[in-house]
Every structure is written in C-alpha cells, then in structure tokens.
Amino acid sequence: DPGFRDIAPLNPLHEQIFKIQGQVWRSVGLPLLSVWQNGLWDPLEPIHAPDTTSRAAVQVHMRLNEYRAGAFYISNASDQQVTLRLQVDGLPGGINPSYISVHEVAWTGTSGGHCFPAALPLAERERESFLVHAPSGMSRQVWFTFHPKDIPPGDYEGRIVLSGEKKRIEVPLSLKIYPFTFPTQPTLHLGGWDYTDTDAYSGMTPQNRDKLIAHLREHFVDSPWATSSVMPYESVGVDGDYHPDTSR
C-alpha cells in the first residue's frame, strides 16, 4: 500500500490488540492515564507496563550551542486515544521557548517483526500548545531537544504542563547552563552511513536529500560517507597508476 506508514498501531486490527492491553492494565488497577519516568535511552517493549511509582521529571545540564535531551512517558489505559495539550513554561524565553523542540516518539517496526520507540517526529503545534497523542493501550515517550545559544549561564526551574481529559499534570523541568560554549566547528569530526551521493538510500530521495544534509550539518556532522562510485576500485590504468573518475 503506497500510503502505508510503519508506525504502530499499524492498522485497525493492531489498534484493537493494543486496546486489549489497555483492558489488562485497567484490570490490575493502573490509572487511565499515567505520566512516568524511565531511562532516557532505555529500550522498551510495546507491552511494557507503566511504572506508576516513578515520578516524571526532566533534568538537563548542558553548555550553550550543544544538543541535549530529556523525556518522559505517557501511558493510556483507557479504551480511546487520548490527546493532551503540552506547554513548556517558566524558563527564559517565555512559554514554549524556541530553543526547545517537542517530539512525539513513534513506535516503528523492523523487518524482524520488532517494534521500537525510535523516530522523533515533531509534535503538532496548535496555537500556544503542542499536541501529544497517546493511543489506547500504549505508552508514548515525549522527547524534548534543547539547543540554547544565548541564555545567560545559570540554574533555571520550569515546568511542563499537560492538560486534557479533565486533567492537568505538571512535570518539573530543570535546566542548568554551564558558562561554556560548544564550538560551532568541533575538533572531533563526525560522520557515517549517510551516502548522500546517491539518489536513493534508506529512505533518502532527491526530494528530501537537501533537508537531510542540512539536518546533519546542523548537528555537527562534517564528514560525509559515499558509495564506491565516488572513487571506483576499477580505476587502475594500463600503466598501473590509479586514475579514479571523481566526477561524482
């Protein structure tokens, strides 16, 4: 199906299966909506039950001009998808400061039949709020990317406010800015597996290649990788010298 997107729930049947998981969560006494904390990079399975003993909080320590992240989980044990409005408040820059981006982490499938929280699409924006969707019987990681450039060093305390479904939940937010600046051109070179010399590779197309390159450069990637056609192996002449065709 050309319209297929590899994001769980994959289809109506998959959605119904997760709704059964929501019923299981309710049967063991879990609340209809849970906001909880887990390790930032810890892999979870789709059937992982929410940890209602772990209070959600986002704490980020960083230098100016670098990228850091924080996250928490929202679990929905009800029998319907829940949509919450989210605002970041209390930090320099006012409500939803521009140096913080909000992402809904998508559960994406693999060729081996596993499902992982991996993709980071930006959360939908509606006026002064971001919209976060939690399907029935699933846990949604909400991810925050921090990239401040001109905030005075110091310790800041704010909050992430979630509202909807007749609830208002506040998640504490701490941001510590050290009096150092991450270099615009790091001395450590970074690159790998982009192969942007081709027209199609792992989802890259001529239509999105420029955006991919811009994204990589923005995140300090300065050493592109290329396929062997850039410097072909078979470029040895009859004189034994190497004469690669470097037009690509």
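With a probe of 1.4 Å, find how much accessible area the chain has per residue, and write the answer as a whole number in Å².
Computed with neighbouring chains in place, this is 60 Å² per residue.
For PHE180, PHE72, give the ranking by accessible area with the largest first, probe 1.4 Å.
PHE180, PHE72
Which value in deg cm²/dmol, rounded to the nearest 500, describes the helix-derived mean residue ellipticity at 222 nm for the chain, given -39,500 (n - 2.57) per DSSP H run of n ≥ 4 and division by the residue count?
When only DSSP H runs of four or more count, the value is -3500 deg cm²/dmol.
Treating the angle as unsigned and between 0 and 90°, give the value, to the nearest 10°, between the Cα long axis of helix 209-218 and the longest Cα principal axis of the chain.
Helix 209-218 and the main axis of the chain meet at about 80 degrees.
For the chain, what is the largest minus smallest coordinate of the Cα atoms on each principal axis, given in angstrom and ordered from greatest to least?
79, 50, 31
Enumerate the amide H contacts of HIS48 below 5 Å, restricted to partners 5 or more residues apart or on another chain; note that Pro and chain-start residues carry no placed amide H.
Correct list: empty.
In whole Hz, what ³J(HN,Hα) sequence does the stretch 41-51 give by Karplus (6.51, -1.76, 1.60; θ = phi - 60°), x for Gly and Pro?
Working through the residues one at a time gives 9, 5, x, 10, 8, x, 8, 5, 6, x, 9 Hz.
Considering only protein heavy atoms and a probe of 1.4 Å, how much of the accessible area of the chain is carbon and sulfur, as a whole percent?
Carbon-and-sulfur percentage of accessible area, whole number: 55.
If the only charges are +1 at each Lys and Arg Cβ and -1 at each Asp and Glu Cβ, what is the size of the charge dipole of the stretch 136-223 around the Cα centre, to the nearest 20 debye?
500
Simple spin-label model, 7 Å along Cα-to-Cβ: ASP245 to THR205 in nm?
2.8
Spelling out what I want: for every residue of the stretch 88-102, take phi, set θ = phi - 60°, compute 6.51 cos²θ - 1.76 cosθ + 1.60 (Karplus), and round to whole Hz; glycine and proline get x.
The phi angles translate into 9, 9, x, 9, x, x, x, 5, 6, x, 5, 7, 10, 10, 10 Hz.
List the GluC sites (Glu not before Pro) in the stretch 75-166 that DSSP assigns to loop (not H, G, I, E or B) and whose Cβ has at most 14 other Cβ atoms within 10 Å. Which are they?
Sites meeting the loop and neighbour criteria: GLU128.
Among DSSP bridges having both ends in the chain, what percentage is antiparallel? Round to the nearest 5.
Details: 50 of 56 bridges.
Of all bridge pairs located within the chain, approximately 90 percent are antiparallel.
With a cut-off of 8 Å between alpha carbons and a minimum separation of six or more residues, what is the relative contact order of the stretch 58-211 in percent?
32
For the chain, with a Gaussian network of springs between Cα atoms less than 10 Å apart, report the residue from PRO31, PRO232, PRO46 with the top mean-square fluctuation.
PRO232
Could you give me the ³J(HN,Hα) list for the stretch 198-208, computed from phi with Karplus coefficients 6.51, -1.76, 1.60 and θ = phi - 60°, whole Hz, x at Gly and Pro?
In residue order, the calculated couplings are 9, 8, 8, 7, 6, x, 7, 9, x, 6, 10 Hz.
Just want the answer: with Cβ charges of +1 for Lys and Arg and -1 for Asp and Glu, which residue in ASN208, LEU188, VAL161 is farthest toward the dipole's positive end in the chain?
Final value for the positive-end residue is VAL161.
Considering only DSSP beta bridges whose two residues both sit in the stretch 103-216, what percent are antiparallel, to the nearest 5?
Taking every DSSP beta bridge within the stretch 103-216, about 100 percent pair in antiparallel fashion.
The values are calculated or read from the model by the stated rules, or taken from the named source; none is laboratory data. Owing to the predicted nature of the structure, the values given are computational and were not obtained by experimental measurement. Heads up, the Cβs are rebuilt from the backbone with ideal geometry, glycines too, and the neighbour counts pull from every protein chain shown. Keep in mind that these areas ignore ligands, DNA and RNA; they rest on the heavy atoms of the full protein, side chains included. Shrake-Rupley method; radii C 1.70, N 1.55, O 1.52, S 1.80 Å.
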